[in-house]
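In what follows, a single structure is set out as structure tokens and then discussed.
Just so you know, all these numbers are worked out from the coordinates, no wet-lab data involved. These figures come from a predicted structure and were not determined experimentally. Virtual Cβ from ideal backbone geometry, glycine too; neighbours counted across all protein chains shown.
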């Protein structure tokens, strides 16, 4: 019985969109300022993803969209960072709702594109491609 209870608790903990757990799962940064500095150094844009726990839509975004290999391959063009809606980030970026992903220019720290909601991975990829076309960047 103890083993079953432990198994259930571990399984349930895997499906929360806790920002730190999600960042570890996805290999994303967890600190906004670190992501900005890294993006400037690497000449990339920041992809800032806002989540909170509990949030079924955030869970869907993390565990159904962002984990897919197709989306993960696109992240090479960005410095991805995932933060909790109540975490540390510039207040001017406070999201009106979650989940939401912002593409941010590290030089100006302004949002240049946003991806709203927990959308399927194909739509997320289309949005990333649209953002890159807008900036006239090719995905090598």
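Comparing 42, 114, 29 in a Gaussian network model of the chain (Cα springs below 10 Å), the most mobile by mean-square fluctuation is 42.
Extending 7 Å from the Cα toward the beta-carbon at both residue 135 and residue 31 defines two label points whose distance is 2.3 nm.
Between residue 108 and residue 20, the modelled labels are 3.5 nm apart [label points 7 Å from Cα along Cα→Cβ].
Cβ crowding within 10 Å, taken as a proxy for footprinting-reagent exposure, orders 43, 86 from fewest neighbours to most as 43, 86. For a quick check, take a GNM of the chain with Cα springs below 10 Å and name the residue from 62, 111, 49 with the largest mean-square fluctuation. Of 62, 111, 49, the Gaussian network model singles out 111 as fluctuating most.
Computed extension length for residue 72-residue 42: 9.0 nm, one decimal, from 0.36 nm per residue of separation with the Cα-Cα distance subtracted. First check a/c for the stretch 17-135, with a ≥ b ≥ c the square roots of the eigenvalues of its C-alpha gyration tensor; if it is under 1.5, answer rounded, and if not, answer prolate when a/b is larger than b/c or oblate otherwise. Here the stretch 17-135 falls in the rounded category.
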